[in-house]
1. Under 7 Å between Cβ atoms, at least 6 apart or on separate chains: pull out the pairs that start in segment 21-38 with a residue that is more than 15 Å from residue 59 (Cβ to Cβ) and end on any residue that is surrounded by 14 or more Cβ atoms within 10 Å (Cβ to Cβ) and modelled with pLDDT under 85.
2. Looking at segment 39-64 only, could you name the residues that are without any contact (Cβ under 8 Å) to a residue 24 or more places away in the chain and among the hydrophobic types (A, V, I, L, M, F, W, C)?
3. Are any residues in segment 32-57 open to solvent by less than 70 Å² (accessible area, probe 1.4 Å), out of contact with any helix residue (DSSP H, G or I) (no Cβ under 9 Å at 6 or more places or on another chain) and assigned to a helix (DSSP H, G or I), and if so, which ones?
4. Take residue 64 and decide whether it is modelled with pLDDT under 80, touching a Leu at 6+ places or on another chain (Cβ under 7 Å) and surrounded by 11 or more Cβ atoms within 10 Å (Cβ to Cβ).
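The values are calculated or read from the model by the stated rules, or taken from the named source; none is laboratory data. Given the structure is predicted, the values throughout are model-derived calculations rather than measurements. Positions of Cβ are backbone-derived with ideal geometry, glycine not excepted, and every protein chain shown enters the neighbour counts. Each accessible area value is taken on the protein alone, full model and side chains, heavy atoms only, with ligands, DNA and RNA left out. Shrake-Rupley method; radii C 1.70, N 1.55, O 1.52, S 1.80 Å.
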Amino acid sequence: MIAKFDAFSGDAVTFSTVALVAYSLIALVFLHNTFQEGHVRERAWDWERVAGLALCLAWPLILLGIVVLARLGRVRIDEAR
């Protein structure tokens, strides 16, 4: 039996949750590496260092927003039925 992934199945939600967690863990690793590079080199907190750290967080936050909006849309569709 082949699993069917569509926008409204529980399997798709579980898959997107796992993907979000995996992607967030990868982003946290890069965030930690970026922070450590600045710390080891004893760099000041200039705009480039702050921007680098902020960009490590940008994609996971956007992805989280997409997942939240998709879940809200799913709830509204289920309520309309």
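1. Taking only residues 6 or more apart or on different chains, the pairs are 35/53; 38/49.
2. Answer for segment 39-64, where residues must be without any contact (Cβ under 8 Å) to a residue 24 or more places away in the chain and among the hydrophobic types (A, V, I, L, M, F, W, C): 40, 44, 45, 47, 50, 51, 53, 54, 55, 58, 61, 62.
3. Hits for segment 32-57 are 36, 51, 54.
4. yes
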